[in-house]
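For reference, the structure is listed below as structure tokens.
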Amino acid sequence: MYPPRFSFLPLRAVVRGLLIAFVVAVGCGRLPAVPERMLKAIDAYLERDRVSPPPGNAVVFVGSSSIARWKTLEQDFPGQPVVGRGLGGSTVAEWVDFIGRFVLPYKPRQVIFYAGENDIARGRTPAQVADDFSQFCRLVHEALPETRILFVSLKPSPKRWKFQPLFTEANGLIAALCAQDERLSFLDLVPAMLTPDGLPRPELFGPDHLHLSPTGYQLWTELVAPRILIAPAAIASR
């Protein structure tokens with residue numbers, strides 16, 4: 001269950017919940033107050049969903065640019081219905097608003113979630129990031145109580161190394177949150193992304209020292225794959 005400090009939804013969360021229900025009910029083409037920088041990507045996803053709706057009971061990857069740039073999900077997780085819905089530059093708080101369009105309609109069996117770096121880089125505290133993720137989980141589970149959610153830890157990006165203590169704090173708070181609900185889980189990628197000296201492994205990152213390289217995504221695939229919730233039908237066919 002969720003921590004006691006999250007026992008009661010603040011007014012903001014109630015309003016968000018009602019808004020999400022309204023968006024899903026009327027099939028609105030775009031969520032309100034969408035940041036301008038995301039309009040093109042959101043419209044592209046909405047058109048893709050209109051032309052070819054994603055399968056239900058899939059594994060849905062959502063989050064910021066680390067998800068948006070993961071273009072090989074289907075090849076990396078063969079035999080699993082996977083859906084990628086990353087939005088570059090997005091925050092955990094924004095994903096609380098986006099679930100009505102890119103999570104709930106898909107009725108996923110599992111959500112793989114990566115966001116939080118942008119939040120902290122823009123001034124939000126680790127506690128605020130953890131609170132936002134708690135709200136995300138609560139709203140998902142109000143509509144889809146059986147859906148599992150895996151939070152992928154904030155990565156040690158060289159470009160944002162100065163924020164690493166805050167990333168570590170946020171990871172710890174979210175790991176503690178996940179430990180209190182069997183539907184939530186936490187994947188700590190940080191140890192595998194550091195050298196023996198405790199610094200980011202350079203080969204895992206692209207030229208901007210922020211986003212993952214192909215080698216970085218290979219590592220993520222190796223670490224995420226064992227945590228994918230396999231559909232019962234897939235298990236029976238083995």
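Mind listing the long-range amide H neighbours of GLY89? Cut-off is under 5 Å, sequence gap 5 or more, other chains count too, H placed in the peptide plane at 1.01 Å from N.
SER65
Net charge around GLY88, counting only other residues with Cβ within less than 11 Å of its Cβ (Lys, Arg = +1; Asp, Glu = -1)?
On the way: positive: ARG37, LYS40, ARG69; negative: none.
Charge balance near GLY88 sits at +3.
Mind listing the long-range amide H neighbours of LEU212? Cut-off is under 5 Å, sequence gap 5 or more, other chains count too, H placed in the peptide plane at 1.01 Å from N.
Correct list: GLY206.
Would you please classify the overall shape of the range 73-167 from the alpha carbon gyration tensor, given that a ≥ b ≥ c denote the square roots of the eigenvalues, rounded means a/c under 1.5, and beyond that prolate means a/b larger than b/c while oblate covers the rest? Walk me through the numbers before you get to the answer.
On the way: a/c = 2.24, a/b = 1.40, b/c = 1.60.
Oblate, since a/c reaches 1.5 and b/c is not below a/b.
Taking a cut-off of 24 Å between Cα atoms, list the lysines near LYS71, but don't count ones fewer than 8 places away on the same chain.
Straight-line reach from LYS71, under 24 Å: LYS40, LYS107, LYS155, LYS159.
Taking amide H positions as placed in the peptide plane 1.01 Å from N, state which residues far from VAL83 in sequence (5 or more) or on other chains have amide H under 5 Å from it.
Result for VAL83 returns VAL59, VAL60, PHE61.
Let me check I've understood the local charge: for PHE163, count other residues with C-beta under 12 angstrom from its C-beta, Lys and Arg +1, Asp and Glu -1. What total comes out?
Values: positive: ARG122, ARG124, LYS155, LYS159, ARG160, LYS162; negative: GLU117, ASP119, GLU169.
Neighbour charge sum, excluding PHE163 itself: +3.
Could you please report the charge total around ALA121, scoring K, R as +1 and D, E as -1 over all other residues with beta-carbon less than 13 angstrom from its beta-carbon?
On the way: positive: ARG122, ARG124, LYS155, LYS159, ARG160, LYS162; negative: GLU117, ASP119.
Net charge in that neighbourhood comes out at +4.
Taken together, the values in this text are just the output of simple stated rules run on the coordinates, not laboratory data. Quick caveat: nothing in here was measured; it's all calculated off a predicted structure. We place every Cβ from the backbone using ideal geometry, glycine too, and count neighbours over all the protein chains shown.
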